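See structure below.
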Amino acid sequence: MSERKLVVLGTASQVPGRTRNQNGYVVRFDDEGYLFDPGEGTQRQMILAGVSVTEITKIFITHFHGDHCLGLAGIIQRISLDRVLH
């Protein structure tokens, strides 16, 4: 049976709070890792949740509001720094 897991990295809207980060979700499906809507702070939230950029195989942006895409640059930079090959 396939392993599926949803990791919620943040659920706040435009303004993060002390206890809520902007949007970000990782779906683990067998050997794939799908990152959805990496809002600002997603890189840090991934570290706190124990999700490595080496697990991410695809990135999806549902729309271009800041709370759904401002973390993309940091994620791409981290993928480059960690020399992740896909």
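Do we have G33 as part of a loop (DSSP other than H, G, I, E, B), in contact (Cβ under 8 Å) with a residue 24 or more places away in the chain and among the small types (G, A, S) here?
Judged against the criteria, G33 is not a match.
Taking the residues in the stretch 71-86 that are in a loop (DSSP other than H, G, I, E, B) and more than 11 Å from the chain's Cα centre (by Cα) as candidates, determine which candidate is modelled with the lowest pLDDT.
Step by step, filter the stretch 71-86, then rank; the result is H86.
Looking only at the stretch 42-61, count every residue that is within 14 Å of V7 (Cα to Cα), assigned to a loop (DSSP other than H, G, I, E, B) and more than 10 Å from the chain's Cα centre (by Cα) and tell me the total.
Looking only at that region, the number is 1.
Which one of these does F64 not meet: (1) outside any loop (DSSP other than H, G, I, E, B); (2) modelled with pLDDT under 95; (3) of a type outside the set (K, R)?
Condition not satisfied by F64: (1).
Across the stretch 1-41, which residue is farthest from the chain's Cα centre (by Cα) among those that are more than 21 Å from I76 (Cβ to Cβ), among the hydroxyl-bearing types (S, T, Y) and surrounded by 12 or more Cβ atoms within 10 Å (Cβ to Cβ)?
If we take residues in the stretch 1-41 being more than 21 Å from I76 (Cβ to Cβ), among the hydroxyl-bearing types (S, T, Y) and surrounded by 12 or more Cβ atoms within 10 Å (Cβ to Cβ), then S13 is farthest from the chain's Cα centre (by Cα).
The values are calculated or read from the model by the stated rules, or taken from the named source; none is laboratory data. If you're wondering where the values come from, they're calculated on a predicted model, not measured in any experiment. Note that we place each Cβ from the backbone using ideal geometry, even for glycine, and neighbour counts take in every protein chain shown.
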